[in-house]
Structures are given as C-alpha cells and as structure tokens.
Amino acid sequence: MKEIIEKINSQYMTNIFAELYGEQEIENARQRYTTLVSGMDNLNTNGNIRLFSAPGRTELAGNHTDHNRGKVLAASIQMDCAAAVLERNDNIVFFRSAGFPDVKIKLTKENGDSDLQPKPEEAGKTDSLIRGIAAEFVKRGFKINGFSANAHSTVQPGSGLSSSAAIEVLIGCIFDSLYGGGKLTPLEIAQIGQIAENVYFEKPCGLMDQTACASGGAVAIDFKDTLNPKVKQINFDLSAAGFALCVVNTGGSHADLTDDYASIPKEMKDVAAFFGKSVLREIEKEQVISGASDIRKKIGDRALLRCLHFFNENERVDEISETLIKIESAATGEEKQKFLNNYLYLINESGNSSWEILQNVYSLNNPKEQGISLALALTKEFFQKEQIKSACRVHGGGFAGTIQSYIPLEKIDVYCKYMETVFGKDSVTVLKIRPKGVIEIL
C-alpha cells in the first residue's frame with residue numbers, strides 16, 4: 001500500500017490528475033485516491049491495488065434522438081466514479097461506494113456453476129448491473145473472477161450527468177482490465193453496460209450515456225446502426241473560446257415522470273409505425289409532412305411535433321459538430337468568433353426546439369412545477385441584462401432536473417449568485433470536458 005500511495009504522489013499522477021480534473025483539483029484528487037487506497041485495508045484482500053476512473057457525461061445536442069436511432073453530441077466531464085480495486089479468486093464481487101450500502105454478490109452457485117441470470121429482486125440495484133456485466137463478459141468468451149472495489153462518485157444521482165452509466169462503464173473496465181486483457185473498445189464496454197441496464201437493471205435506456213462516458217472528450221454518435229454506431233471524436237476547448245459550460249440543478253423531482261419520458265419515444269415510434277417502420281430514422285421528414293393530416297387524426301398533433309423535432313435535431317447535430325471542428329481550425333480570431341457565434345445560435349435552436357416542439361421542459365400532470373422552464377427563462381433574462389451573446393437548453397431527459405448554459409468566464413460568479421437566489425446554494429456546477437473516457441489510471 002505504501003508503494004501505491006507513493007505513486008499517487010508522483011509527478012506522473014500529478015499530470016494525470018491535471019488532465020482528468022483540472023490544475024486546481026490536483027491536490028483534492030490526490031487526497032481522494034489516497035483515501036480510497038487506505039480504505040482497502042478493511043476488505044480482506046491481497047495483491048496489487050489498481051486505480052480506475054469513469055467520467056459522467058453531458059449532452060451537448062441531440063435531445064431525445066438516440067432512442068429512434070438518431071444522432072447525438074455528448075462529452076465526458078471531470079466528475080467521475082473513481083475506484084481502488086483488488087482482484088479476488090473466489091468469484092465474489094464486493095463493491096463499496098461512499099454513501100451507499102455495500103454490494104456483495106457471488107457470480108457462481110455453490111456447485112460451481114455460473115449464477116449470472118437476471119434476478120428480479122436485484123432489479124434497480126447495483127447488484128444487477130454487476131451481474132449483468134459479468135454475464136456479458138462470459139458470453140464473449142472471457143474467463144472472469146471476482147474483485148473488491150472501494151469507490152467514490154462525484155457524479156451525483158439525479159444530476160442529469162449519468163451517474164449510472166459511469167458506474168456501468170467503470171465495472172466493465174475493471175472486468176476488462178483484470179480478465180480481458182484490456183482488449184475491449186470503449187464502444188464494446190458501453191454496449192455491455194447498456195445490456196446490463198436494459199435486461200438486468202430493467203431500465204430501457206439508449207446507448208448515448210454509456211458511449212460518452214466510455215469514449216472521452218466530445219463525441220458525435222450516429223445510432224443508425226445500433227449494433228455498430230459511428231463514434232467520432234471532436235476536439236472542444238470551450239475555455240479557450242472564453243466560455244464555461246454550466247448545469248443548473250432546478251431541484252425538481254423525477255418521481256412519477258416515467259409516463260412523460262416514455263411518451264416521447266412511443267409517440268415517435270407510433271408515427272414510424274404509421275409508415276410501416278419501427279423508428280423514425282427509417283423514414284424521411286418529407287414523408288411525415290406529406291402525411292401530416294392523417295397523422296394528426298390517427299396519432300395526434302404532439303406526436304407530429306415531436307417527429308419534427310427529431311428530424312431537425314438530427315440535422316443540427318451534424319451542423320454543430322462541423323461548427324466545432326471549424327472553431328478549432330479557424331485561422332484568425334475573427335473566424336473563430338464567427339464560428340463560435342454560430343455554435344451558440346445552434347445550441348439555442350436546439351434548446352428552443354426541445355422547449356417548444358418536443359415539449360419536455362415540464363409535465364402536463366404537474367404544470368405548477370416548472371423548474372426547467374423557470375431556469376431557462378431566468379438565464380435568458382441574465383443574458384439580456386448582462387448584454388452577452390450566449391446559449392442555454394434543457395439538459396438530458398427533461399420534465400425536471402437540469403438545464404445547461406454557456407457563460408462567459410468573467411461572468412461565472414455573477415451567474416452563480418443570480419441562479420442560487422432561486423434554486424439554492426451550489427445549484428450551479430461548472431463542467432470541464434475531460435479528454436479521457438473510462439480508464440485504468442494506475
């Protein structure tokens with residue numbers, strides 16, 4: 001243990017921490033990993049301790065498109081789930097995460113046969129994710145065993161930054177590093193995590209969150225081929241352009257919103273079924289517009305509007321991705337500013353489309369609670385008051401939770417105080433896009 005703590009204090013790890021968390025967080029990161037390693041004393045295991053990190057993610061564009069095989073732009077962030085890990089030889093996975101109950105599951109039965117089938121009593125629990133991910137490794141031909149992990153997450157549940165996906169790709173990376181030779185691609189680790197969440201955790205999620213957490217940096221993802229989605233890395237240094245990316249937690253509850261979330265993919269797929277297809281990606285916008293009169297009568301106006309959002313948002317993802325590339329390659333400051341202004345314009349268009357056409361900023365079942373609408377309106381008031389050209393949009397699934405805003409670096413403190421008067425202390429979080437996805441760091 002003394003040896004690994006010495007490594008944590010080395011210049012090599014200083015450079016790693018700076019890359020993952022930022023220069024100002026180096027000492028906090030050093031202390032955090034030292035605490036995780038020291039906590040391994042209580043886990044009754046031996047061997048070489050290894051360190052892992054899996055980031056959360058933020059969605060930049062492509063709101064509610066992945067479930068209909070659309071396009072998204074997402075990025076990994078500095079908040080992560082970090083873990084100190086030791087290999088075991090008893091087919092037991094012990095997972096400890098600060099603030100949560102310990103998880104201990106055995107991957108085999110008493111007779112030695114594997115015990116990797118979904119268990120109804122584990123649905124919705126971390127146990128199910130571990131078992132599901134282990135099962136996928138076995139299906140892929142890997143001979144696995146157990147491990148002990150002492151973890152800590154700065155990706156808070158309910159923050160809209162994909163705490164569950166971070167845990168999934170972390171567990172996948174641990175199994176891969178310990179028993180798979182580190183051979184799986186980020187996309188394969190993401191797909192394993194999605195299967196575990198869909199089948200074992202019993203949550204019908206898409207693949208965007210896991211792909212962004214596993215890949216690192218900003219990534220444009222095209223889900224047209226769900227078995228082999230196209231993932232393109234895009235350089236994105238927002239601070240160099242003078243802006244910070246923030247999320248504002250409006251404090252709304254996600255309870256009782258299942259029907260609201262489910263209505264979006266359902267209505268989109270209902271329109272696709274009208275044309276004999278399973279998802280919107282299999283049809284064209286012109287078909288929907290041509291059939292609008294009949295769609296209104298059979299499925300309803302909201303479904304038609306949500307389809308228009310899907311097609312337009314897909315086009316925006318391409319345009320936004322191309323604009324980011326132009327920002328990075330601009331030859332002059334004037335060119336860079338022109339492309340940056342276009343980027344902010346497109347982000348606003350994405351946000352307005354979600355608010356007005358997709359209609360996922362508040363629940364019709366509880367119209368008195370409109371935290372997201374209020375946060376967006378106040379942010380736009382802030383832009384006008386401070387006379388700044390910027391952007392904001394709903395973040396993630398919507399209906400409750402968080403918004404995303406782009407704030408000039410010199411206005412961050414003012415914006416935080418402004419929003420905290422309404423949504424409470426620490427309701428604004430400044431994000432850093434980190435260049436690395438899920439990794440074994442030592």
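Listed values, structure above:
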| quantity | calculated |
| --- | --- |
| For the stretch 291-305 and the stretch 80-125, distance of Cα centres in Å | 47 |
| Greater than 27 Å apart at Cα, pairs in 104/436; 411/432; 119/139; 71/436; 71/368; 143/232 | 104/436; 71/368; 143/232 |
| Translational diffusion coefficient (Stokes-Einstein; Kirkwood radius from C-alpha pairs) of the chain at 10 °C, 1.306 mPa s, in µm²/s | 70 |
| Ranked order, 239, 263 - accessible area, probe 1.4 Å, largest first | 239, 263 |
| Table column - 3J(HN,Hα) (Hz), the stretch 343-358, Karplus curve with 6.51, -1.76, 1.60, x for Gly and Pro | 4, 4, 4, 5, 5, 4, 5, 4, x, 5, 5, 5, 5, 8, 10, 5 |
| Added length on full extension, which subtracts the Cα-Cα distance from 0.36 nm per residue, residue 409 to residue 329 | 26.6 nm |
| Theoretical FRET efficiency, 1/(1+(r/R0)^6), r = Cβ-Cβ of residue 23 and residue 284, R0 51 Å, to 0.05 | 0.60 |
| Average accessible area per residue (Å²) across the chain - probe 1.4 Å, nucleic acids and ligands excluded | 45 |
| Derived scalar couplings ³J(HN,Hα) [the stretch 317-333; Karplus, 6.51 cos²θ - 1.76 cosθ + 1.60; whole Hz; x for Gly, Pro] | 4, 4, 5, 5, 4, 5, 5, 4, 5, 5, 4, 5, 9, 4, 7, 10, x |
| Listed residues 158, 398, 217, most fluctuating in the chain (Gaussian network, C-alpha, under 10 Å) | 158 |
| Per DSSP, loop trypsin sites (Lys or Arg not before Pro) in the stretch 67-174 with at most 15 further Cβ within 10 Å | 109, 140, 143 |
| Cα coordinate range in the stretch 172-261, projected on the principal axes (Å, largest first) | 41, 40, 29 |
| Percent of beta bridges antiparallel (DSSP, the chain, rounded to nearest 5) | 90 |
| Gaussian network model of the chain, springs between alpha carbon atoms under 10 Å - residue of 275, 100, 339 with greatest fluctuation | 100 |
| The stretch 63-185 - charge dipole about Cα centre, Lys and Arg +1 at Cβ, Asp and Glu -1, debye rounded to 20 | 260 |
| Förster radius 30 Å - calculated FRET efficiency between residue 3 and residue 114, Cβ distance, rounded to 0.05 | 0.30 |
| Simple Cβ-charge dipole of the chain, Lys/Arg +1 and Asp/Glu -1, about Cα centre, in debye nearest 20 | 260 |
| Lys/Arg +1, Asp/Glu -1 at C-beta; the chain dipole; positive extreme among 383, 278, 407 | 278 |
| Helix axis angle, 186-195 relative to the chain longest principal axis, alpha carbon, degrees | 90 |
| Accessible area of the chain belonging to carbon and sulfur atoms, whole % at 1.4 Å probe | 48 |
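The values are calculated or read from the model by the stated rules, or taken from the named source; none is laboratory data. This is a predicted model, so every value here is computed, not measured. Every residue, glycine among them, receives a Cβ derived from its backbone with ideal geometry; neighbour counts consider all protein chains shown. In case anyone asks, the SASA skips ligands and DNA or RNA and just uses the protein heavy atoms, side chains included. Shrake-Rupley method; radii C 1.70, N 1.55, O 1.52, S 1.80 Å.
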